[in-house]
Structures are given as C-alpha cells and as structure tokens.
Amino acid sequence: MAAHVQDVFMLFGDSITQGAWEPDRNGFGQRLSRMSRLYLQRWTGLLTTQRPDVYARKLDVLNRGLSGYNTEWGIPVFEQCIAKSSDQYAPKIRVLAIWFGANDACIQPSPQHVPLAKFSRNLKQMVEMVKSPESPRYSPATRIILISPPPVNTLARRADLEARNPPLVLDREFEITRAYSEAVREVASAQGVAFVDVWTAIWDAADRKEESLSKFLGDGLHLNEDGYKVGAAFVLWNGLLVTWESVDPVRRADEDHRTGIPRGAL
C-alpha cells in the first residue's frame, strides 16, 4: 500500500468532470498536476505574473468524475470519497470542486432527473458535509468551488439521440438547464463558497446563439476540445487558481524539501 505524502485537489462531478481527463478533448484535469503558469498562459491566453508553479509537487489531483451521475446518485459516492475527520492518516482535501447539474436537469421521465429544489438541497448537503462542524467529515481547511453546468445545445442533442438505434427523444431543454445553472450560483452564495459560471463562459463564447454552441459541445451536451478550453480557462482563472493562492501549502523556501537543492537545479 502506498503512503500519501501530499494533500489533494479533488474534482467531483459527472461525465463533464470525467471527460476533463481525456487528452483528445484537451481536458484540464490531468494538466492541473503538472501545470505551470507559463503553460497556463499559452493554453488559455490569460496573462499572469503570479508564482511559476501551480500544483506540481504540491497537491495530488484526483479524478472523481462519474459518467451519467446526478447529485442524488453522487451523494453516497461523495460520502465514500471524503474521509472522516477522525481519520488522521487520510490526506487532506485542500481544494474540492463540485460540478453537477447537466444530468440533474434531464426532463422527466428520465431516471437522471432530479427536481430543481432537490438538486439545490443535494448540493447544499455535499457542501455541509465538509463545512459543518457537526459533520463527521468536517474539514475547515478545505476550500470548495461549485461549478455550473454548461448550456445544452438542444439542436445537436436531438440529432444525436434520434440517430441512435433505437431512436431516443430529446431529454433536456435549454431553459431548464439554465435554471439548474442558476441554482448552483444560489447555493454557492448561500453557503459562502466559490462559484465558477461555466454556463456564461460557454454561452458568451457562442455569441449567445444556441446553434453556435456546436463549436463547444460536440453532441450538444458534452464539452469538446474547444469547450474545455473555454470552460477550463474560466474555471482555472476564476476559481481554481484564485482559490489556490489562499491554500498554497508550499509557501516555504523555493527548494526541494528532500535535498535542499534549489528547485529547477536538477
């Protein structure tokens, strides 16, 4: 069994989180663990003059994306992923990003559908598992980020479903998904945690035209390479990196802790 030597950065969500680890989509998950500020600038086009290293050798980045899941199904898994406070040997979660809504927003009779009010309560429950002093998983050092789902392109989604064998009917609606995105914002505000508005980032990039969303959502639902580039740039700049500055566990001398050799000298 491998012993942990670093705390962790956990991304928890549905297939959009899971897909962030796929290289062919230019996903950002695996990049976080080795990303430099210079690489971030080149990849996203965002100029930054902050410290040169982001997560490399600081946090282990964990993929907890669950394809097809909604918040209702995600809660039992979340309870397994978040160690209890009494477990003194478990690595601490320094940053926790929660990204749900795309499946919860399915319309009935889809089994993935979660009513809007229940969706909000589920997000609140996840946050309070970590934030509440009464919770057995209380972790005051964890910084939480809630991320909104992207828009849905119902034109492309309908075409994708109707092309299947057997054909399926449209299972999502544009305005309903928007409502779930707004619910994420409201929960984040009420709980006092960070919020990253991927919905608006993608919608603005598409010039607020549903048909133009095809550039960012390959099948109308899941982010493609361009979608992850826009969405991830927004997530990274407006949430993850900003949050990182408040939890950086390496604010000591810039040297290798094992040898004392200045970082980059080898």
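Filter the chymotrypsin sites (Phe, Trp or Tyr not before Pro) in the stretch 53-150 down to the DSSP loop ones having no more than 13 other Cβ atoms within 10 Å, then list what survives.
On the way: sites: Tyr55, Tyr69, Trp73, Phe78, Tyr89, Trp99, Phe100, Phe119, Tyr138; in loops: Tyr55, Tyr69, Tyr89, Phe100, Tyr138.
Hits after loop and neighbour filter: Tyr89.
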- What's the extension gain from Glu182 to Ser212 if we count 0.36 nm per residue and subtract their Cα-Cα distance? 8.7 nm
- Message: Please list, ordered by chain and number, the residues whose modelled amide H lies under 5 Å from the amide H of Ile144; skip anything fewer than 5 residues away on the same chain.
- Response: Leu96, Ala194
- Message: Expected output is a single nm value to one decimal: the length gained when fully extending between Glu79 and Arg164, i.e. 0.36 nm times separation in residues minus the C-alpha distance. What is it?
- Response: 27.1 nm
- Message: Need the list of lysines near Lys131 for cross-linking: C-alpha distance under 30 angstrom, and skip anything on the same chain fewer than eight residues off.
- Response: Lys58, Lys84, Lys92, Lys118
- Using θ = phi - 60° and Karplus 6.51 cos²θ - 1.76 cosθ + 1.60, couplings along the stretch 218-224 (whole Hz; Gly, Pro as x): x, 10, x, 10, 9, 5, 9
- Query: Glu22 to Leu116: FRET efficiency via 1/(1 + (r/R0)^6), r the Cβ-Cβ distance, R0 30 Å, to the nearest 0.05?
  - Reply: 0.55
- Quick one: which residues, 5 or more positions from Leu217 or on another chain, have an amide H under 5 Å from its amide H? H modelled 1.01 Å from N in the peptide plane, none for Pro or chain starts. Asn224
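Coordinate-derived values only; no laboratory data. In this text, all values refer to a predicted model and were calculated from it rather than measured experimentally. Please note: Cβ atoms are built from the backbone with ideal geometry, for glycine as well, and neighbour counts cover all protein chains shown.
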